[in-house]
1. Filter the range 588-609 down to residues that are surrounded by 14 or more Cβ atoms within 10 Å (Cβ to Cβ) and assigned to a helix (DSSP H, G or I), then give me how many there are.
2. Report the residue count in the range 620-638 for those that are at pLDDT 60 or above and either surrounded by fewer than 20 Cβ atoms within 10 Å (Cβ to Cβ) or over 52 Å from the mean Cα position of the chain (by Cα) (or both).
3. Spot the failing condition for Pro141; the list is (1) out of contact with any helix residue (DSSP H, G or I) (no Cβ under 9 Å at 6 or more places or on another chain); (2) loosely packed, with under 13 Cβ neighbours inside 10 Å, and only one is missed.
4. Checking Ile332 against (1) of a type outside the set (D, E, K, R); (2) out of contact with any His (no Cβ under 9 Å at 6 or more places or on another chain); (3) assigned to a helix (DSSP H, G or I): exactly one of these is not met. Which one?
5. Considering only the range 657-668, how many residues are over 14 Å from Ile741 (Cβ atoms) and either surrounded by 15 or more Cβ atoms within 10 Å (Cβ to Cβ) or among the hydrophobic types (A, V, I, L, M, F, W, C) (or both)?
6. Mind listing whichever residues of the range 386-404 are of a type in the set (Val, Ile, Thr) and under 15 Å from Glu532 (Cβ atoms)?
7. For the range 440-459, indicate whether the set of residues that are farther than 21 Å from Ser383 by Cβ, surrounded by fewer than 23 Cβ atoms within 10 Å (Cβ to Cβ) and in contact with a Leu (Cβ under 9 Å, 6 or more places away or on another chain) is non-empty.
8. Tell me the helices (runs of 4 or more DSSP H) entirely within the range 642-702 that contain at least 3 residues that are within 30 Å of Tyr785 (Cβ to Cβ).
Amino acid sequence: MANTKLTSLDKLSLQNLSEDADFIPLMSAEDEDAMHKENLPDTLPILPLRNTVLFPGVVIPITAGRDKSIKLINETYKGSKVIGVVSQIDENEEEPGIDDINTIGTVAQILRVLKMPDGNTTVIIQGKKRFEVAEVIKTSPYITATIREVAEARPAKENEEFKAIIESIKEKSLEIIKDSPNIPSEAAFAIKNIESSSFLVNFVSSNLSISVEEKQTLLEINDLKDRALETLRYMNIEMQKLSLRNDIQSKVQNDISQQQREYFLHQQMKTIQEELGGSSTEEEIEEMRQRSKEKKWSKDVQKHFDKELGKLQRMNPQVAEYSIQRNYLDLILELPWEKFSKDKFDLKRARKILDRDHYGLDDVKKRIIEYLAVLKLRNDMKSPILCLYGPPGVGKTSLGKSIAEALGRKYVRMSLGGLRDEAEIRGHRKTYIGAMPGRIIQSLKKAGTSNPVFVLDEIDKISVSNQGDPSSAMLEVLDPEQNNSFYDNFLELGYDLSKVMFIATSNSLSTIQPALRDRMEIINVTGYTIEEKVEIAKRHLLPKQLEEHGLDSSHIKIAKPQLEKIVEGYTRESGVRSLEKQIAKMVRYAAMKIAMDEEYEVKITNEAIVEILGPPKMERGKYENNDVAGVVTGLAWTSVGGDILFIESALSQGKGNLNMTGNLGKVMKESATIALEYIKSHAKELGVSADIFEKYNVHIHVPEGATPKDGPSAGITMLTSLVSLFTQRKVKKSIAMTGEITLRGKVLPVGGIKEKILAAKRARITDILLSEENKRDIAEIKQEYLKGLTFHYVKDMSEVLNLALTKEKVKNAKKL
């Protein structure tokens, strides 16, 4: 094996290796002509070179290390001193054969063999002529082959283009030597003194910073002009690289100088801070390190923290990223990793707290007590994701506070109404300006524990925008199987949310993403009865308003009958929010009288209620009389709870058209069409004359036209209204109904039964018609809600009509 290790400087000053050096690395034109006329031997020993290419006329040192190479050099040096030098195709090949070397090489003369101090043999060789391996004679002890000379085509001396190329090569060489700090200035002297154009091209090609394959390609070019052009192309590339390298070096040097300057300034600031009594950055970093040792977190978190702290330590405190990194580390330290509040398992006490703060809501209280009971027995349980679903004002949000007190946990509330940026849940990446963690992580940081009661308020009002879909981001938060390693983009660590008790609140399930709804346990929080509202007003609302207005129970007294009058005459909702506003008016009245030193009745009377609140506003919600044919009371479900509605029908001279008004939806209109078609197909059985459908137009109206209405629940109500109209039969008193119908007259079940029943009680309804299949819904309702109500379960419309209509005609009945 042969190898080269010396630089251009070594190549230009090889004579310094020996005091009696008898060679000069540069070649004159006369020497080149003499070498060109020299005849080559027919057979030569072949020396493979690992990582260089020898060009004619060029002197290079090589290091011989392989036994075959050393034997070849020693034997040839004693004899002709002429060898064939070729480059290896694969420099990693330790035992190259004839197939592992290039066929074009250079005949070389051994000028000197030196024993180096490290024990290696260094050989100085000079290229003569190019040759091609013709045939291998033997391979042992080294490769010996017959050769043939490869002629070189040289342009004429008067060729102006070739002269220009040679001049360009010289100029480029001098520029490269000038701009490269690794090449000594003596090399420029050598370039200027080269007379032979062929040697100049070969010398420059040999010293180019290109690969062995590219140098071999240059060697194999027979036309000297083409080789010179290719060499010039490589030199231009080298110039570009050198220019770029120098620019980078200059910038780096400037950056280093700037960093040194900033370092000295920082050290001065540090000294000034210490003199003023402030803490230095090193002290802050050391304080963070000590705080981290006190944290009870996993090894992975500790490893991540140490890595990020190391980044902070290496940063310049003056750069913008320093404050971001510092805030990030502060967040990690302030989060309550593995810090939990101790749960209180006194179930009787928990029940008392829940009963004290909320009247009713038995299903919710039962579920909370069940959760506490299981947690007490297991002492380890994934917290459930509860969703309190119901109309506004029924106490869904405030229930979270009571649950937190009952469990002995911290209370956290997060409003999701109108949230439209996914980063509010998952946080921003640290690369953004103003990045911060998501509100989940921020809330846990404020809570100080990893197991608070976390109320997600108004989860049904999450919006979607071009900032992403926050409801999809909530999927990981509210999945007990995934939230043990919730990933926040800012925190960049998995945080365990499995011990957090999430309680979501919602007014509607239809706007919640199905996948998100599936992750939650839905608990229906329905509205209150009149009796419950009176109790809530007495126990909670009135004392609260008295306290907020700076009064006490001695300043105003409202008895149950008066509270009931307020509930019935001035509120029309499932919750108690409007009721609280009316009570606040009563309390403000007393506060005004006291402030103005005027006399007033402490005990509120019915007359005082009318005086303060005005005439009752909700009387239209009462049941109306049955003196008019075609008016039937229906039960409806709304987003604020149950309500009653009146279906009105009327006939007018016409051609049998059906008109519908009252801001009705598509489904409700379809119910009216089905009802009319059913009557037409069963006219004889119902006692309706067939001529009616040809001589009269039918108009169906549902009052309160400003309120949109839709749904199939009014199907049996519409059919009853039309039959009452056509037959002029009275509708029974205090009766209401709800149910869907089919063309066959079947009555199908509907939803929202509890809310509808509460609405019926508020309207003084006594009899309710329901589908047979709704019987199971009634069985789930507490008996106290059903007091005073009679339920009639039906399967088809004939039963509905028999129960709802009397045989008696209305007064002044029309003759149809």
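The values are calculated or read from the model by the stated rules, or taken from the named source; none is laboratory data. Just so it is clear, the structure is predicted and the values come from calculations on it, not from any experiment. Cβ: placed from backbone, ideal geometry, glycine included. Neighbour counts: every protein chain shown.
1. 8
2. 9
3. With respect to (1) out of contact with any helix residue (DSSP H, G or I) (no Cβ under 9 Å at 6 or more places or on another chain); (2) loosely packed, with under 13 Cβ neighbours inside 10 Å, Pro141 is out only on (1).
4. Here Ile332 meets the rest and fails (2).
5. Just the residues of the range 657-668 that are over 14 Å from Ile741 (Cβ atoms), to begin with: 657-666.
Going one step further and asking which of them are either surrounded by 15 or more Cβ atoms within 10 Å (Cβ to Cβ) or among the hydrophobic types (A, V, I, L, M, F, W, C) (or both), we end up with 658, 660, 662, 664.
Within the range 657-668, residues that are over 14 Å from Ile741 (Cβ atoms) and either surrounded by 15 or more Cβ atoms within 10 Å (Cβ to Cβ) or among the hydrophobic types (A, V, I, L, M, F, W, C) (or both) number 4.
6. Keep residues of the range 386-404 that are of a type in the set (Val, Ile, Thr), which gives 394, 397, 403.
Scanning the range 386-404 gives a single hit, Val394.
7. The initial filter retains those residues of the range 440-459 that are farther than 21 Å from Ser383 by Cβ, namely none.
The answer is no; no qualifying residue exists.
8. Details: elements: 666-681, 683-686, 692-695.
Passing ranges, in order: 666-681.
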